[in-house]
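Report on the following structure.
The values are calculated or read from the model by the stated rules, or taken from the named source; none is laboratory data. These numbers come from a predicted model, not from an experiment. All Cβ positions, even for glycine, are placed from backbone atoms using ideal geometry, and neighbour counts span all protein chains on display. For accessibility, only protein heavy atoms count, side chains too; no ligands or nucleic acids. Shrake-Rupley method; radii C 1.70, N 1.55, O 1.52, S 1.80 Å.
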Amino acid sequence: PAAPTLQSVDDTGFVIAATAGQEYSIDNVNWQSGGAFGGLEPNKEYVVYSRLLTTDVYLTGDSREVLRVTTSRRPISGGVAIIGSGRYGETLTADVSAVNTASLSYEWVSGDAVIGTGAAYTVTAEDMGQPIALRVSGVGDYTGTLTSPSIVGQKAANGATPAPAVQNKTGSTVTLVTVSGCEYSMDKVNWQDSAVFTGLSPVYTYTFYQRYKATDTHIVGAVSAGTRVTTLKNTVGAPAAPQGQTTT
């Protein structure tokens with residue numbers, strides 16, 4: 001048989017210029033007179049066989065390899081999304097369930113900068129307020145790139161604290177037990193870093209609150225329950241030693 005000419009090829013098949021009086025096969029079992037072969041795998045080499053057809057005076061000819069064709073790599077398609085809210089410390093994961101292949105490479109990007117690789121990414125302090133997107137590319141038999149919608153890195157929520165504990169008190173001062181990262185208040189409006197409150201009135205009941213302070217990576221925490229504290233009576237100093245005024 002004469003060798004055919006390859007006319008076109010893509011990721012699903014190819015077309016050859018069929019010659020009259022010949023038939024073709026890619027498995028040496030199933031034969032066709034046309035030159036179009038479809039429903040094939042991407043990036044795979046196929047061997048084309050040909051033989052002369054039976055005529056009034058000739059039997060079917062012997063099968064011969066006449067051409068080798070490699071299909072194209074297949075473009076990936078589908079949708080890519082990020083699972084997660086983007087809060088600090090959260091591990092984001094890739095949702096690629098709609099993509100037409102499991103053979104992918106992953107890049108987490110912020111603008112044009114690649115900030116991570118792999119199917120998961122943990123949000124860092126540098127991501128606060130910055131866009132985060134997932135870019136996946138086909139590998140092996142697949143080609144092309146898909147990019148997810150962006151999310152924005154956000155501060156994480158601070159946990160609540162228990163009501164503050166009292167370390168010491170006097171008639172004019174209350175000292176609370178210091179908790180790392182906390183701030184303190186008597187009215188839930190004005191807050192201070194110090195756990196020491198001064199200038200208080202004696203024998204008066206005050207209520208104290210605490211919460212975690214806002215940081216570069218966390219929003220301010222919820223206000224704790226209040227702790228009621230009654231200051232002590234002021235201590236009166238010892239009088240001077242008495243002096244005699246008259247004697248008899």
Quiz item: When you look at residue 2, is it of a type outside the set (S, T, N, Q), free of Cβ contacts under 8 Å to residues at least 12 places away in the same chain and out of contact with any helix residue (DSSP H, G or I) (no Cβ under 7 Å at 6 or more places or on another chain), yes or no?
Solution: no
Quiz item: residue 199 fails exactly one of the following numbered conditions: (1) out of contact with any Phe, Trp or Tyr (no Cβ under 6 Å at 6 or more places or on another chain); (2) open to solvent by 80 Å² or more (accessible area, probe 1.4 Å). What is the number of that condition?
Solution: (2)
Self-check item: Of all residues in the stretch 25-54 being touching a residue at least 40 places away in the same chain (Cβ under 8 Å) and more than 27 Å from residue 138 (Cβ to Cβ), the one that is surrounded by the most Cβ atoms within 10 Å (Cβ to Cβ)
Solution: 50
Practice problem: Determine, yes or no, whether residue 73 is open to solvent by 30 Å² or more (accessible area, probe 1.4 Å), in contact (Cβ under 8 Å) with a residue 24 or more places away in the chain and farther than 30 Å from residue 127 by Cα. | Solution: yes
Quiz item: What are the residue pairs meeting all of these: first residue in the stretch 131-149, first residue closer than 19 Å to residue 72 by Cα, second residue open to solvent by 40 Å² or more (accessible area, probe 1.4 Å) and of a type in the set (Ser, Thr, Tyr), Cβ atoms under 6 Å, and 6 or more apart or on different chains?
Solution: 137/105; 137/145; 139/103; 139/105; 140/103; 142/103
Exercise. Among the numbered conditions (1) at pLDDT 95 or above; (2) at positive phi; (3) surrounded by fewer than 16 Cβ atoms within 10 Å (Cβ to Cβ); (4) not hydrophobic (A, V, I, L, M, F, W, C), tell me where residue 84 comes up short.
Key: (3)
Self-check item: Given (1) more than 10 Å from the chain's Cα centre (by Cα); (2) farther than 20 Å from residue 154 by Cα, index of the condition residue 88 fails
Solution: (2)
Practice problem: Give the stretch 183-192 a look and list any residue that's in contact (Cβ under 8 Å) with a residue 12 or more places away in the chain and either in contact with a Gly (Cβ under 8 Å, 6 or more places away or on another chain) or open to solvent by 40 Å² or more (accessible area, probe 1.4 Å) (or both), or say none. | Solution: 186, 188, 191
Quiz item: So which residues in the stretch 55-70 are closer than 30 Å to residue 142 by Cα and either touching a Pro at 6+ places or on another chain (Cβ under 8 Å) or surrounded by fewer than 16 Cβ atoms within 10 Å (Cβ to Cβ) (or both), if there are any at all?
Solution: 65, 66, 67, 68, 70
Exercise. For residue 111, state whether it is surrounded by fewer than 12 Cβ atoms within 10 Å (Cβ to Cβ) and under 29 Å from residue 130 (Cα atoms).
Key: yes
Quiz prompt | Close pairs from the stretch 200-216: first aliphatic (A, V, I, L, M), partner surrounded by 15 or more Cβ atoms within 10 Å (Cβ to Cβ) and part of a strand (DSSP E or B), Cβ under 7 Å, at least 6 apart | solution = 200/174; 200/206
Quiz item: For residue 46, which of the numbered conditions (1) over 20 Å from the mean Cα position of the chain (by Cα); (2) part of a loop (DSSP other than H, G, I, E, B); (3) of a type outside the set (A, V, I, L, M, F, W, C); (4) modelled with pLDDT of 95 or more fails to hold?
Solution: (2)
Quiz item: When you go through 69, 114 one by one, which is the residue that is under 27 Å from residue 21 (Cβ atoms), of a type in the set (A, V, I, L, M) and not in a loop (DSSP other than H, G, I, E, B)?
Solution: 69
